[in-house]
1. Ala729: net charge of surrounding residues, Cβ under 12 Å, Lys/Arg +1, Asp/Glu -1, itself excluded?
2. Once you place label points 7 Å from the Cα toward the Cβ at Thr233 and Lys211, how far apart are they in nm?
3. With +1 on each Lys and Arg Cβ and -1 on each Asp and Glu Cβ, how big is the dipole of the chain about its Cα centre, in debye rounded to the nearest 20?
4. Given a Förster distance of 41 Å, report the FRET efficiency between Met655 and Ala338 from their Cβ-Cβ distance, rounded to the nearest 0.05.
5. Going by the alpha-carbon gyration tensor, a ≥ b ≥ c the square roots of its eigenvalues, is the chain rounded (a/c under 1.5) or, if a/c is not under 1.5, prolate (a/b greater than b/c) versus oblate?
6. What fraction of the DSSP beta bridges in the chain is antiparallel, stated in percent and rounded to the nearest 5?
7. Taking GluC sites (Glu not before Pro) that fall in a DSSP loop and have at most 15 other Cβ atoms within 10 Å as cut points, what is the longest piece of the chain between them?
8. What FRET efficiency would be calculated for the residue pair Ala508, Thr180, taking the C-beta separation as r and a Förster radius of 45 Å, to the nearest 0.05?
Amino acid sequence: MSAVEQSALSADAYVRDLMRSIEAQPVASITVNRRSFLKLAGMAGGGLALAFYIGDKATALANGDGTKGFVPNAFLRIAPDGTIVIVSKSPEIGQGIKTAFPMIIAEELDADWSKVRVEQAAINPAVFGRQSAGGSRSIPTGWDQLRRAGAAGRAMLVAAAAKEWNVPEAEITTANSVVTHKPSGKSLTYGELTTKAAELPVPDEKTLKLKDRKDYKLLGKRITGVDNLQIVTGQPLFGIDQVVPNMQFAVFEKCPAVGGKVRSANLDEIRKLPGVTNAFVVEGTGKPTEVMPGVAILANSTWAAISARRQLKVEWDESNASKDSWTGASAEAKKLSAQAGAETLKTIGDFDKAIADSNSVEAFYSYPFLSHAPLEPQNTTAWFRDGAVEIWSPSQTPDGALRLVAGVLGIAPEKVTLHQTRVGGGFGRRLMNDYMCEAAQISKQAGVPVKLQWTREDDMQHDFFRVGGFHSFKGGVDKSGKLVAWQDHFITFSADGERPVSGGDIGAEEFPALLVPNFRLTQTKLPLQIPCGPWRAPRSCGIAFPIQSFLHELSTAAKRDHLEFLIELMGEPRWLPPGNEYSLNTGRAIAVLKLAAEKAGWGKAQPQGRGLGLAFHFSHAGHFAEVADVSVDAKKKITVHRVVVAGDIGPVINMSGAENQCEGSVIDGLSTAMGLEIGIENGRIQQTNFDRYPILRMPSAPKVDVHFIQSDFSPTGVGEPALPPLAPAVCNAIFAATGHRVRSLPLSREGFTI
């Protein structure tokens, strides 16, 4: 096995383990008996500080004495002036968690939201536990924990007031940070009660009464983001904004084909250029998730560093570099599509007999590799000194970064201090911390604080890409138009020949496996060395397009209304698989399908060249259906007039944030479906910037109508599950408008424009 193959394997294993750790945290796994509360005494200026943490009290107390150093994994403080401080432990990447977390606590606390101030937690997993953002898991894993934190604070304030007035607690109500004794009309603010509340014992969490959804006053409303004012006024919240004394500006040139090493470079010439302070080779660790070999250039400004880089000449040793080719892989997949898959993942019933007795349809679908392309390119400020490193970085997994950076530098994790900044877009890219490792290594090697800034070209060419894939389908409907047979030969990629790359797998029971009486899913894996990773709604962001489009092919062949066809397919309301409340619920699926269809005017006659397309997808515990209203002219120019989104994510925490995420998912999904693809030839990424990776422009953005079913199921995140249905909804609408079936993305490949 070559060095680059070993590198690719280690990178893929790292990403797989990372996603497994994020996804393997179902709500039920965080049990009540593992959570406790701790009252913190000695807060500066007096008042009440209530911590909530995972673990036992002995562990919590070991982290500090409550007067100096104890920092729980998240906590609230109420000052005598009534100010309420809530710390958010998880990274804010635009998904709104820095606002949603405090809202949950404030709801159960009955707090006056205008008095709440939110702070970003320090990165210290020994105290805070898991500190990461990915998989739409922040809300579901934190829901009960945060509610109990607020309820405990409220209970202590009520108890303090009851003691002050010598009245029963049952006669006391709370609202807007005020405690009121109903019979007498007496009232006290939370601030006035903090000192007395701090003297009381923390209530047993089993005694806490949590609110019913009907009693919510804050949750479900539209609340502006806590950082919005700072963002629109240009305050330095992001990693790219950070500055430290005497820092130098760094750029880092790596081989365009992953796995290449530096053979030689014109370093002496570079060091003489204006503003350049140093230039040197970084050998790296050889792992894409850490530090790949390259040349670092340091200068007294970003412009000087970038200008010098343009004159850098590197001779690369590419003997072990990637030779991957998307053109070659596509041709190979097309050949393989006519054969049975190399391995069988799932078989139900007798597919061969069922397909022989049915009206059958066959189709081959493909979708490309994608880049994350966040608005803020990768960057990190690092200062290595006295055997330790201090870092300012926009990461989705800062907790894991501590160990990763320590390993690269050869120091203990406690020697790494990480300041979490707001993240200018993640979409899964910043689950990896390679850019952070690079900055730390460059600072150590140069002996000065550095700010490493990737360019857009760096960001697009050295990504952990959304993997492309292929599906060879065969399906059948019976005489009544019911789906009775489904076969999918899934062709994907693998770094080790055994397991698919991150984001390139498919579940054996992926929809519609458990709803079709005769089902066969097989898989073939093609070799790949290019690093891959999670991309918004991993797996689902790829497979939803072919699966939901082929379902429409089958309903069309059956001459059935697509809405009726999907509802019939779902059958009776039930969990699939049974007993798993994090799985597909067919009743919830039917409800969002009906809601989307109703709001979109499904079934109404459309003008010539205009059609409605419907698609459903379940992912990340979210049930979403979308209807796209699309017209296509004679020159294949598309206009997406409106997209109707219907979702069930349980109770909505912040309606403004949830609507924003759905609107963003639609725009992101349409942008991706319309024109985005990453080409790979001879191991090199063919796209370098937005001129060849054309993000959707504002005039092409459709109107987006978002509707939620406010169910009583446990809430889930919404940053990802609204994206997958968009592409098949648009493609199904194109068919309804023109009769043209889209089986390959992006749409620009088939001559469509927008």
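1. -1
2. 2.9
3. With only Lys, Arg, Asp and Glu charged at Cβ, the dipole is about 800 debye.
4. 0.25
5. It comes out oblate by the Cα gyration axes.
6. Beta bridges within the chain, antiparallel portion: roughly 75 percent.
7. Segment 284-497 is the longest.
8. About 0.20, to the nearest 0.05.
The values are calculated or read from the model by the stated rules, or taken from the named source; none is laboratory data. Since the structure is predicted, the reported quantities are computational estimates derived from the model, not experimental observations. All Cβ positions, even for glycine, are placed from backbone atoms using ideal geometry, and neighbour counts span all protein chains on display. Ligands, DNA and RNA are excluded from the accessible area calculation, which covers all protein heavy atoms including side chains. Shrake-Rupley method; radii C 1.70, N 1.55, O 1.52, S 1.80 Å.
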